[in-house]
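Here the structure comes first, spelled out in structure tokens, and everything after it is commentary.
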Amino acid sequence: MSTIAVVGSLNIDLIMRAPRCPGKSETVVGGPFGMAGGGKGSNQALAVSRLNAKSYMIGCVGNDDFGRRLRAVLTDNHVDCTHLHTRKEAATGTALITVTDDGESAIVIAQGANSLLTELDILEAKQVFTSSDAALFQMESPEPTVTAGLKLARQYGCRTYLSAEPPFSLPNEVWINIDCLILNERALGFYAGTSSHGSVNEMAKDILNRGVHDLVVTRSARGGMVFSRTGDNFAFDAFNIRAVDNTGARDAFCAGLCVALSEGMPMRRAARFGAACGALACTKIGAHPSLPWRHQVGALLGEASDDEYEL
């Protein structure tokens, strides 16, 4: 069994179905309303556990019902919450999510306690890194915390993963501490400093030249691309599923990729495994409820052909 430390955000998602997202100053009559656990950190920690890996959650919640609910969900799913801190001075992170009839989502986040995760919190969790195979980070925590965490995790022997969403500027020295960077095409353009008309291959080369070992560019229903300093570059297809809600799909992909590589799968197989996780996460409403179990991923992979090809 692989062991993965997840450092990041925890939110309660307030979800509203709607035929479409409203325009400026417009009110749209929506459909059913629901609440579910979310936040990129808790999504990934929960997904890791459901994929039969040991999962640690390092983050912050508020001293409120939302925070207690999130802690209970993770604990019930065998996520170690020893380093999940409760902050009395802030509310638990909250996300307002509109899910349209075609399964797309628009999200506004109130960071709350997520903004209070500090470098000291990361340092206090160093024993987790010594016993973990990998450390998975996202960008919903303060930049100094993410930067310090990547450096510390690498120092203690973890393979480091950064899901770079939402994108924000990072210090130049952080790139050499990232083993695997996962981002979408928009974020790729942001970090490469190139317009949307720039070549994906050229932008990927720019990122790899900064010290990142592997770069995974996700493209939603169009699958994704993998670029590596070893030169083993390839594209992989998405699975053909009926999307109900894509909230949490990227987090499921990231968790699946991380678990697969930590188990020793080659990158090509791991990317396909992650894609299956992401696809399954689109088949239910809400982030936490949609995150797949290992047997579900195995069943989907057993029915699918291997459609990867060289770039």
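Please treat every number below as a calculation from the coordinates, not as lab data. All values reported here derive from a predicted model rather than from experimental measurement. Every residue, glycine among them, receives a Cβ derived from its backbone with ideal geometry; neighbour counts consider all protein chains shown.
Quick one: give the max-minus-min coordinate of the C-alpha atoms of the chain along each principal axis, largest first, in Å.
Sorted from largest, the Cα extents of the chain read 48, 44, 40 Å.
Modelling each spin label as a point 7 Å along the Cα-to-Cβ direction, I'd like the THR230/HIS295 distance in nm, to one decimal.
3.3
Using a 7 Å offset from the Cα along the Cα-to-Cβ direction at both LEU96 and MET265, what is the distance between the two label points in nm, to one decimal?
3.8
Go ahead and collect, in residue order, the members of segment 276-298 whose backbone nitrogen is under 17 Å from a label point 7 Å along the Cα-Cβ direction of HIS78.
Zone members listed by number: 291-298.
Over what distance in Å are the Cα centres of segment 75-115 and segment 144-189 separated?
Segment 75-115 and segment 144-189 have Cα centres separated by 21 Å.
Would you look at the GNM of the chain, springs on alpha carbons closer than 10 Å, and say which of TYR56, TYR191, TYR161 moves the most?
Checking each option, the largest mean-square fluctuation is seen for TYR191.
Pop the C-beta distance of GLU104 and LYS24 into the FRET formula with R0 = 22 Å and round what comes out to the nearest 0.05.
Numbers: r = 18 Å, r/R0 = 0.83.
In this case the efficiency is close to 0.75.
Which of these, SER290, SER199, SER105, has the largest mean-square fluctuation under a Gaussian network model of the chain (Cα springs below 10 Å)?
Highest fluctuation among the options: SER199.
Among the DSSP beta bridges whose two residues both lie in the chain, what percent are antiparallel, rounded to the nearest 5? Before the final figure, lay out each step's value.
Details: 22 of 58 bridges.
Around 40 percent antiparallel, to the nearest 5.
Would you mind working out the magnitude of the charge dipole of the chain relative to its Cα centre, with +1 at each Lys and Arg C-beta and -1 at each Asp and Glu C-beta, to the nearest 20 Debye?
Once rounded to the nearest 20, the dipole reads 320 debye.
With a cap of 11 neighbouring Cβ atoms within 10 Å, and only residues DSSP puts in a loop, list the GluC sites (Glu not before Pro) found in segment 76-164.
On the way: sites: GLU89, GLU104, GLU119, GLU124, GLU140; in loops: GLU89, GLU104, GLU140.
Sites meeting the loop and neighbour criteria: GLU89.
Can you tell me which lysines have their Cα less than 25 Å from the Cα of LYS151? Leave out same-chain residues fewer than eight positions away.
LYS40, LYS54, LYS126, LYS205
Which value in nm describes the separation of the simple spin-label points at MET16 and ASN240, placed 7 Å from the Cα toward the beta carbon?
Here the answer is 3.6 nm between the modelled labels.
If you take every DSSP beta bridge whose two residues both sit in segment 165-261, what share of them, in percent to the nearest 5, is antiparallel?
On the way: 8 of 13 bridges.
Taking every DSSP beta bridge within segment 165-261, about 60 percent pair in antiparallel fashion.
Quick one: TRP175, TRP293, fewest Cβ neighbours within 10 Å first, how do they rank?
Values: TRP175 18, TRP293 14.
Placing the least packed residue first, the sequence is TRP293, TRP175.
When the helices in the chain are scored as -39500 (n - 2.57) per DSSP H run of 4 or longer and the sum is shared across all residues, what 222 nm value do you end up with, to the nearest 500 deg cm²/dmol?
Numbers: 11 runs with 106 residues, N = 311.
Rounded to the nearest 500, it is -10000 deg cm²/dmol.
With 10 angstrom as the radius, rank SER25, SER220 by how many other C-beta atoms surround their C-beta, starting from the fewest.
Details: SER25 5, SER220 16.
The fewest-first ordering by Cβ neighbours comes to SER25, SER220.
Provide the net charge surrounding ASP64, with neighbours chosen by a C-beta distance below 12 Å and charges set as Lys +1, Arg +1, Asp -1, Glu -1.
Local net charge: +3.
Quote the charge dipole size of segment 113-178 about the Cα centre in Debye, to the nearest 20; the model charges only the Cβ of Lys and Arg (+1) and of Asp and Glu (-1). Walk me through the numbers before you get to the answer.
Working: 4 positive and 8 negative charges, 50 e Å.
It comes to approximately 240 debye.
For the residues ILE176, ILE97, what sequence is obtained by ranking on other C-beta atoms within 10 Å, fewest first? Provide the component values of the computation, followed by the final result.
Numbers: ILE176 14, ILE97 23.
By the 10 Å Cβ count, ascending, the order reads ILE176, ILE97.
What's the local net charge at THR247, with K and R +1, D and E -1, over the other residues with C-beta under 10 Å away? Numbers along the way, then the final one.
Details: positive: ARG250, LYS284; negative: ASP13, GLU104, ASP245, ASP251.
Residues near THR247 contribute -2 overall.
Among PRO22, VAL128, GLY211, which residue has its Cα furthest toward the positive end of the charge dipole of the chain, with +1 on Lys/Arg Cβ and -1 on Asp/Glu Cβ?
VAL128
Scaled to the compact-protein estimate 2.2 N^0.38 Å, what is the alpha-carbon radius of gyration of segment 5-65, rounded to two decimal places?
Numbers: Rg = 15.7 Å, N = 61, 2.2 N^0.38 = 10.5 Å.
Taking the Cα Rg and dividing by 2.2 N^0.38 Å, one obtains 1.50.
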